[in-house]
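Asker: My questions will all concern the structure given below.
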Amino acid sequence: MKANSHFGHPFSAAAHWNLEQSYESQPRSGNKKRKTKEKPERTRLPIKTATGIVQVPNLPSVTILDEDTESVSDDEGDEDEKDGIDPSETSLPPAAPATAVKPLPLRKRIIIAKEKLANIATLINEDPEENVGLLKRLNEVYDDAAVQIRMLAIGTMLAVYKDLIPGYRIRALSEEEMKAKVTKEVRKVRGFEQALVSGYSGFVKLLGGLAKAGRGGSDKEIVALAKVAVNCACGLLVAVPHFNFRTELLKIVVEGVSVRKVDETFVKCRTTLCELFRADEDGGPSCEAVQLLSKMMKAKHYHVDESVLNTFLSLRLLSELDVKGSNSAIDNPRKRKKKDREFRTKKARKLDKEHKATEKEMLEADVTVSREEREKRQSETLKLVFATYFRILKEKPPGLMGATLEGLAKYAHLINLDFFGDLLVALRELVSDAKEEGEEERGVKEEEGSEQADRNTVREALLCIITAFALLSGQGKGITIDLTFFTNHLYATLLPLCLSPDLELNTKSLRLPDPHSPLPTSPLTSSRINLSTEIELLLRALSSIFFSTAHQKSTTPLRLTAFTKRLLTASLQTPEKSTLAVLGMLNKLAIKHGQKLSALFSTEEVVGDGVWDGNIDEPEMSNPLAATGWEAVLLRRHYSPSVAEAAAALPGLFARRGKEG
């Protein structure tokens, strides 16, 4: 029983087992030959390749196997040992080279660039003073080779700078201000301002370089970048004209309108100048822009597009200024003469000088410009404008005479009184040239070239007449100037003008292009600022002669009767709207000069002797008192009820006014 119990228990003899001997007698798997060479010390982290091999960077000849590769190598070593091959003498195959990184597609790069630009712009807008250094990151995005990404970067810079630029101009700090001790807040603001000016300077230089590179280039990508750069410059000039580097932006815009080819960039730059002139309350941006425009036109001998000169008509200073100017001088009524100055002692002058210096510093710190400073800038601008107009009148370049005369006609009341004589002589020469060219055959003019054919001599003559009478409308009351030459030319123009097919059309009227015209018919080339038609110019000229207070003595009965008779004759040939306008002018004449014109509609009395001659172009020599206004009877049967009604009221109106007088 004891033996059975003893042998029955499996661990009863465990104390007598030799466990170490049994463990050593067990077979072992793996490499039986171990490496005896010491591995060199590793100084860098291992690198695991795509094939599973781990390489040490600073020891290319030593390789370390990972667990998966080691198990495979052990099995292969056993097989090699069986075949009589020593695994330690074999070399591993060379590691496969790392695969080259493929460039991302353009669409993916654009999406990444958009996200990056949006993040940078958001951070800058959240805290500009802290994140103003991120402006350099925008330049890094712009360095991309893709044109689309560069355009996005430029547009982002434009939006960011528009938001960051303050409402004042940042000046450079002097050495004393740099050395002075300031608070932490002031130092922070100064750092932000200097960083902003530095980044903005680089952006403006970038725009100028792109605009210059794309001018006349053939590469589509460069031209596209140049177009974006010019648009950004125009946007900055309109949004922040008070800030630094305004001159550089104006140079980009002025260069854009200096070309003869009218395209979208040209129209954008011209529109920007007009918007700048209309919104300028300070006077400084307008003065600087006019100065650059006058220099550009003079350098090109005034061979520029007509619409460039018409930008001067948008200057708001010319309608608010109370000084007179010419091409060389400005009359300022606020300036005291030497004899009117009061005597002051040396001490008083010194105190006054110190007081003015203090006021100057206060004005520099204030954004609002004083009225005296504003008038000074406006006077300088006025001098530049008239100097440009007078040079054009002297050189007579083709295509600019109409724009020059329109400008002079609108601002004639601002011209210096001493310059009247020379200007009237120039206007008289232009009217004489227009009269001579009107007598020539039109076919000869068309063969001279497209520029000459573009000149409208009838319109120029009407503008000369309006300008001549506008010179004496306000400031010329005290002088006596005979304008009979201009009156006679207007009288001679009435009959040919009533047969003009473009009497009621302006440059923007819808019409079919002339297939035989040598001029381009692009809508961009037909842009004008003054949209007055020929009939409107005619009515303005008639109003200047008969309804201006400065020319009441010149409205003699002979002249009034002759003009009334010829206007009635011309109204038989004009279109409906022009006929109504002429009858309206006759109605005004009847109200103001009814007594002098009542005999024209009276057949019972004979006022003048002889016969009226309607072919003579001098009103006093045509014997108008012997004429009768029989055209009013025909106008009563006009197809338009409005014209017939207006014509029926004329004889009774003249007769009633004659009896009242």
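Asker: Ranking request for peptides 118-124, 286-292: highest mean number of other beta-carbon atoms within 10 Å first, then the rest in descending order. Each step should come with its number before you reach the end.
Answerer: Working: 118-124: 15.6, 286-292: 21.9.
Sorting 118-124, 286-292 by mean packing, highest first, produces 286-292, 118-124.
Asker: Cα-based Rg (one decimal) and Dmax (whole number) for segment 555-661, in Å?
Answerer: Expressed in Å, the Cα Rg and Dmax of segment 555-661 come to 13.0, 36.
Asker: Calculate one ³J(HN,Hα) per residue across segment 594-600 by plugging θ = phi - 60° into the Karplus curve 6.51 cos²θ - 1.76 cosθ + 1.60, and present them in order as whole Hz with x for glycine and proline.
Answerer: Working through the residues one at a time gives x, 5, 6, 10, 5, 5, 5 Hz.
Asker: Which percent of Cα pairs goes in each bin when the distances of segment 373-421 are cut into 10 angstrom slices starting at zero?
Answerer: Calculated over all Cα pairs of segment 373-421, the distribution is 23, 53, 21, 2 percent.
Asker: With no solvent and one point on each alpha carbon, what is the Debye value of log10 I(q)/I(0) for segment 106-328 at q = 0.14, 0.17 Å⁻¹?
Answerer: -0.96, -1.22
Asker: Can you list the equivalent-ellipsoid semi-axes of segment 232-285, largest first and in whole Å, using the square root of 5 times each Cα gyration tensor eigenvalue? Don't jump to the answer; show the numbers that get you there.
Answerer: Details: eigenvalues 74, 26, 16 Å².
They are 19, 11, 9 Å, listed largest first.
Asker: Turning to a different aspect of this structure: I need the peptides 127-137, 347-357 ranked by packing, meaning the mean over residues of other C-beta atoms within 10 angstrom, with the highest value on top. Walk me through the intermediate numbers first.
Answerer: On the way: 127-137: 15.3, 347-357: 10.3.
The packing order, highest mean first, is 127-137, 347-357.
Asker: Among R566, R636, rank each residue by its count of other Cβ atoms within 10 Å, from fewest to most, as a rough exposure measure. Can you show the working numbers first?
Answerer: Numbers: R566 21, R636 16.
Taking fewest neighbouring Cβ atoms as first place, the list is R636, R566.
Asker: Which of the pairs K300/K435; K212/K300; K268/K396 have their Cα atoms more than 23 Å apart in this structure?
Answerer: Working: K300/K435 29 Å; K212/K300 18 Å; K268/K396 28 Å.
In this structure, K300/K435; K268/K396 exceed 23 Å between Cα atoms.
Asker: What percent do you get for the relative contact order of segment 555-661 when only Cα pairs under 8 Å and 6+ apart count? Spell out each step's value before the answer.
Answerer: Working: 137 pairs, mean separation 39.1, N = 107.
Over segment 555-661, the number comes to 37 percent.
Asker: Just to check I understand the Karplus step: with θ = phi - 60° and J = 6.51 cos²θ - 1.76 cosθ + 1.60, what whole-Hz values come out for segment 493-501, glycine and proline as x?
Answerer: 7, 4, 5, x, 6, 5, 9, 6, x
Asker: Pulled fully out, how much extra length does the chain show between D163 and D418, if you take 0.36 nm times their separation in residues and subtract their Cα-Cα distance?
Answerer: Working: separation 255, 0.36 × 255 = 91.80 nm, distance 4.95 nm.
Once the chain is fully extended between D163 and D418, it gains 86.9 nm.
Asker: I would also like to ask the following. Once you order the gyration tensor axes a ≥ b ≥ c over the Cα atoms, which shape class does segment 166-250 get: rounded for a/c under 1.5, otherwise prolate or oblate by comparing a/b with b/c?
Answerer: Prolate.
Asker: Here is a further query. Neighbour counts of other C-beta atoms within 10 Å: give me I110, I154, I465 arranged from fewest to most.
Answerer: Values: I110 16, I154 20, I465 28.
Lowest to highest Cβ neighbour count: I110, I154, I465.
Asker: Something else now. Check which residues have an amide H placed less than 5 Å from I415's amide H, if you skip close sequence neighbours.
Answerer: G325
Asker: Starting from the 7 Å offset along Cα-to-Cβ, what nm value, one decimal, do you get for the label separation of K300 and A648?
Answerer: 5.7
Asker: Let me ask another. Students often get this wrong: which residues of segment 278-296 have the backbone nitrogen under 11 Å from the point 7 angstrom along Cα-to-C-beta of R316?
Answerer: Only 278-283 pass the distance filter.
Asker: Neighbour counts of other C-beta atoms within 10 Å: give me T49, T628, T467 arranged from fewest to most. Kindly include the intermediate steps, with their values, before the conclusion.
Answerer: On the way: T49 12, T628 15, T467 27.
Arranged by neighbour count, lowest to highest, T49, T628, T467 become T49, T628, T467.
Asker: Assuming R0 = 22 Å, can you tell me the calculated FRET efficiency for the pair F547 and S432, based on Cβ-Cβ distance, to the nearest 0.05? Please list the in-between numbers first.
Answerer: Working: r = 27 Å, r/R0 = 1.21.
After rounding to 0.05, the efficiency reads 0.25.
Asker: Ranked from highest to lowest mean number of other Cβ atoms within 10 Å per residue, what is the order of the peptides 180-191, 609-620, 492-503?
Answerer: Numbers: 180-191: 10.7, 609-620: 13.2, 492-503: 16.2.
Answer by packing, highest mean first, reads 492-503, 609-620, 180-191.
Asker: Still on this structure, please answer the following. Which links in K136/K295; K295/K376; K136/K162 stretch past 27 Å when you go from one Cα to the other?
Answerer: Over 27 Å apart, Cα to Cα: K136/K295.
Read-outs throughout are calculated quantities, based only on the coordinates presented, and are distinct from any laboratory measurement. Predicted model, so just to flag it, every value in this text is computed and none were measured. With ideal geometry, Cβ positions are generated from the backbone for all residues, glycine too; neighbour counts draw on all protein chains shown.
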